[in-house]
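Novice: Here it is: the structure, laid out below.
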Amino acid sequence: MHLIDCPWCGPRDEAEFAYRGDATVTRPAPDAGIDAFYDYVFTRANPRGWHVEWWHHAAGCRQHVKVVRHTMTHAIAATGRATDILEVPAA
Amino acid sequence: MTRYSGLRLLGHALSGHARWPRAWRAPDPKPSYDVVIIGGGGHGLASAYYLAKEHGITNVAVVEKGPIGLGNTGRNTTIVRSNYLFPENNHFYEWSLKLWEGLEQDLNFNVMMSQRGVLNLFHSDSQRAASARRGNSMRLNGIDAELLDREQVKAMVPLLDYDNARFPVFGGLLQRRGGTARHDAVAWGFARAADARGVDIIQHCEVTGIRREGGRVTGVETTRGFIGARKVGIAVAGNTSRVAAMAGLRLPIESHVLQAFVTEGLKPLVDMVVTFGAGHFYISQSDKGGLVFGGGLDGYNSYAQRGSLPTVEHVWAAGVAMMPCLSRLRVLRQWGGVMDMTMDGSPLICRTPVEGLYLNGGWCYGGFKATPGSGWCFAHTIANDAPHRFNAAMTIERFREGRAIDERGAGPYPWAQ
Ligand SMILES: Cc1cc2nc3c(=O)[nH]c(=O)nc-3n(C[C@H](O)[C@H](O)[C@H](O)COP(=O)(O)OP(=O)(O)OC[C@H]3O[C@@H](n4cnc5c(N)ncnc54)[C@H](O)[C@@H]3O)c2cc1C
Ligand SMILES: [Zn+2]
C-alpha cells in the first residue's frame, strides 16, 4: 500500500494515481538511430531496489509526479515535480 | 525410479505410507555439466526433463536458489488453455496443451489435469465480435472453440449476474479442452522424472554470476561455488532481468506483482474456469472446495511477493459484479508472485547475444499453462542451438524488428499488458 506525497496535493492514496513507469528513460534525438529508439521504447533496467518512476495523479491534480520507490520494500524515499532531480538512496 | 500405481499406493497404505522412497536425489553439484538450467520452477525442470528425454542430454543440472516450485509455479491460479488470437501464440500454447493431455502418463505422476473447460464471458456486441474473431482464429489453427449465446452460458453457469445493469452477459467463448492442473504436482512430477533420467536437481544454490570467456558462456558462479557448463539456460521468471544482467544483457522486461486468492471450502459451485469480460477476474474451484480467483496486476514495478489493498478491493468487486453470491464468502488466503512482464505480453524462448546462453522468460501472468510446451521448446533450442518452429517468433529481436506479438494491443506498457 503506497501513500504518495504529491507536490501539489500532499500525501494521497495510491488508488488516485495511474502508474506511468520508469522515469529514467529519455527520448533520444530524432536522428539517434534505431538502437537508441529500441532501448528507449523497450528495454528497462528493471532493478530490484530503488526505482525512479512516474505516477500520474489522475484522480487528483492530474500532474505527473516523480517518485523514488523501492521495488522490494515498496518504501518511498522522495517525490517531486517532473523537472526535479531527486536523490536516490545508495542501497 | 519406483513407478507409482494404484497397486503400489495400496501396498504403501499397509505400511502407513512411511516407506515411500524419496522422489528425487539431493546431489552435490559436479564440477561441470553439459547444460546448467538456472531456476527450478516448472519451466526449468521441464526443460531439463525434455533435454534428457527428447535429446539424450542427461549431464544436466537444475540450479535453484530455494526449494523447487516455490516461485510462480507454486503461486498461480493454475489455468491451462490455448485460446489465443495470434498464430505465433496459439500454435505454441496448443502444443503445450497437447503435452498436458499426455503428461500424467508420460511423467507417471498425477498432476490432476482437469479439462473442465475455460469460458470467457462477453458483455456487448463488440466483445462478441472480438470473441468470434478469436474463436475463428483458433479453429483455423485446429484448436477447439465454441461461441455460446446467453442461454447456453446460463445452462452451464447459472449463478452469474446475467442482467447486471452495466455488464449483462451476452454469451461466452468456450474452450472445452482448457481447465486446471495441480501446480505443485507439475514441479514435483517434472523433477522426479528428470531426476530418474540422470538430471541433478540442486536446491538452495543461488546463481550469483554468469562466467564468460571470449563472448562464450563457461559456467555459473553460485553460493555453492563455480559450476562449469557448456550451455546455460535461464528460467527464473520474475528475476529474469537480474540474472540476464549477470551476462550484461538489458531486456524488454519489467517485474510486476500479481495477486491470487482462495476462499473457504464450499460444496461444488463452479465446475469450470469462468472469466469476466468487463474487468479482470477469473475463477475456478479447487478439488478441496475453495474458490481460486485472481485479477490483473497491481500495476507498478515490484519484486515483492505481495501486493496492495486497492487491487484486492478491485478484484473482489469485479468478482461480485460477475457472481453476486461471492459477497457472502470469506477469503482465507491471499498472496502475490513476481511476473516477468514483457513489452508485448508474449514470452521469450530463444538464444541470446552471448554464445551458449539461452533465455526462457517473459511469461507474464500466463506461463503455467506453458510449462510443458516451454520446457519442450527450450530443450529443443538449447540442444540444436536453434528454435523449433513453435517458438521461432519468441525472440528478443522481435521488438527491434517491429514484430511484437501483442495479443491485447496494449503497447509497450507492461503494467497494462
Ligand atoms: C498469482 C499468479 C497467478 C497466475 N495464474 C496463472 C494461470 O492461471 N495460468 C497460467 O498459465 N499462468 C499463471 N501465472 C503465471 C505462471 O505462474 C508463471 O508464468 C509460471 O509458473 C512461471 O514458471 P517458471 O518456472 O518460469 O517460474 P518460477 O516458478 O517462478 O521459477 C523460477 C525459479 O527461479 C528461481 N531463481 C530465481 N533467481 C535465481 C537465481 N539467481 N539462482 C537460482 N535460482 C533462481 C526462483 O527461486 C524460482 O524457483 C500466474 C502467476 C501468479 C503469480
Ligand atoms: Zn496531485
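Novice: Scanning for something more than 14 Å from chain A (Cβ to nearest Cβ), in contact with a Phe, Trp or Tyr (Cβ under 6 Å, 6 or more places away or on another chain) and within 12 Å of ligand 1 (Cβ to nearest atom), does segment B:85-101 turn up at least one residue?
Specialist: Yes, that holds for at least one residue.
Novice: Another question, if that's okay. Filter segment A:57-71 down to residues that are more than 15 Å from A:M1 (Cβ to Cβ) and among the aliphatic types (A, V, I, L, M) and give me whichever is surrounded by the most Cβ atoms within 10 Å (Cβ to Cβ).
Specialist: Of everything passing the filter in segment A:57-71, A:V65 is surrounded by the most Cβ atoms within 10 Å (Cβ to Cβ).
Novice: Here's something else I'd like to know. Hey, any hits in segment A:72-86 for a residue that's open to solvent by less than 50 Å² (accessible area, probe 1.4 Å) and within 13 Å of chain B (Cβ to nearest Cβ)?
Specialist: Yes, segment A:72-86 contains a residue that is open to solvent by less than 50 Å² (accessible area, probe 1.4 Å) and within 13 Å of chain B (Cβ to nearest Cβ).
Novice: Can I ask one more? Would you please list the contacts, defined by Cβ atoms under 6 Å and residues six or more apart or on different chains, that run from a residue in segment B:193-206 that is over 18 Å from B:A229 (Cα atoms) to a residue that is surrounded by fewer than 23 Cβ atoms within 10 Å (Cβ to Cβ) and modelled with pLDDT under 95?
Specialist: Pairs found: B:A196/B:M1.
Novice: Could you please let me know if A:D22 is without any contact (Cβ under 8 Å) to a residue 40 or more places away in the chain, within 10 Å of chain B (Cβ to nearest Cβ) and more than 16 Å from the chain's Cα centre (by Cα)? Spell out the reasoning first.
Specialist: Working: without any contact (Cβ under 8 Å) to a residue 40 or more places away in the chain: yes; within 10 Å of chain B (Cβ to nearest Cβ): yes; more than 16 Å from the chain's Cα centre (by Cα): no.
No, not satisfied.
Novice: Looking at segment A:25-47, is at least one residue open to solvent by 40 Å² or more (accessible area, probe 1.4 Å), touching a residue at least 12 places away in the same chain (Cβ under 8 Å) and part of a strand (DSSP E or B)?
Specialist: Among the residues of segment A:25-47, not one is open to solvent by 40 Å² or more (accessible area, probe 1.4 Å), touching a residue at least 12 places away in the same chain (Cβ under 8 Å) and part of a strand (DSSP E or B), which makes the answer no.
Matching residues to (1) more than 21 Å from the chain's Cα centre (by Cα); (2) open to solvent by less than 80 Å² (accessible area, probe 1.4 Å); (3) not polar (S, T, N, Q):
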| residue | (1), (2), (3) |
| --- | --- |
| B:V118 | no, yes, yes |
| B:A132 | yes, yes, yes |
| B:N141 | yes, yes, no |
| B:E151 | yes, no, yes |
| B:V157 | yes, yes, yes |
| B:D163 | yes, no, yes |
| B:P168 | yes, yes, yes |
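Novice: So which helices (runs of 4 or more DSSP H) are wholly in segment B:1-107 and hold at least 2 residues that are of a type in the set (F, W, Y) and closer than 21 Å to B:A196 by Cβ? Step through it out loud before you land on a result.
Specialist: Details: elements: B:6-14, B:42-55, B:87-107.
Of the helices (runs of 4 or more DSSP H) lying wholly inside segment B:1-107, those with at least 2 residues that are of a type in the set (F, W, Y) and closer than 21 Å to B:A196 by Cβ span B:42-55.
Novice: For segment B:61-71, check the following and say yes or no: at least one residue is under 15 Å from the mean Cα position of the chain (by Cα), surrounded by fewer than 19 Cβ atoms within 10 Å (Cβ to Cβ), within 16 Å of ligand 1 (Cβ to nearest atom) and more than 14 Å from every other protein chain (Cβ to nearest Cβ).
Specialist: yes
Novice: In segment B:283-304, which residues are assigned to a loop (DSSP other than H, G, I, E, B) and within 10 Å of chain A (Cβ to nearest Cβ)? Write out each step before concluding.
Specialist: Pass one, segment B:283-304, residues assigned to a loop (DSSP other than H, G, I, E, B): B:286-289, B:302-304.
Selection gives B:S302, B:Y303, B:A304.
Novice: Select from segment B:140-170 the residues that are out of contact with any Phe, Trp or Tyr (no Cβ under 6 Å at 6 or more places or on another chain), assigned to a loop (DSSP other than H, G, I, E, B) and touching a residue at least 40 places away in the same chain (Cβ under 8 Å) and list them in ascending order.
Specialist: Result: B:N141, B:G142, B:I143, B:A145, B:V157, B:L159, B:L160, B:D161, B:N164, B:R166, B:F167, B:P168.
Novice: Step by step: first the residues of segment A:28-47, then only those that are in contact with a helix residue (DSSP H, G or I) (Cβ under 6 Å, 6 or more places away or on another chain) and on the phi < 0 side of the Ramachandran plot, then the one that is farthest from the other protein chains (Cβ to nearest Cβ). Which residue is that?
Specialist: Quick first cut of segment A:28-47, residues in contact with a helix residue (DSSP H, G or I) (Cβ under 6 Å, 6 or more places away or on another chain) only: A:28, A:38, A:42, A:46.
Restricting the remaining residues to those that are on the phi < 0 side of the Ramachandran plot gives A:28, A:38, A:42.
Working: A:P28: 14, A:Y38: 5, A:F42: 4 Å.
Ranking the qualifying residues of segment A:28-47, first place goes to A:P28.
Novice: How many residues does segment B:320-338 hold that are within 16 Å of B:H43 (Cβ to Cβ) and touching a Ser or Thr at 6+ places or on another chain (Cβ under 7 Å)? Step through it out loud before you land on a result.
Specialist: So in segment B:320-338, the residues within 16 Å of B:H43 (Cβ to Cβ) come out as B:337-338.
Then keep just the ones that are touching a Ser or Thr at 6+ places or on another chain (Cβ under 7 Å); that gives B:338.
Total satisfying the criteria: 1.
The values are calculated or read from the model by the stated rules, or taken from the named source; none is laboratory data. As the structure is a prediction and not an experimental result, all values here were calculated from the model. Reconstructed Cβ throughout: ideal geometry from the backbone, glycine too, with neighbour counts over all protein chains shown. Surface areas here come from the heavy atoms of the whole protein model, side chains and all, with no ligands, DNA or RNA. Shrake-Rupley method; radii C 1.70, N 1.55, O 1.52, S 1.80 Å.
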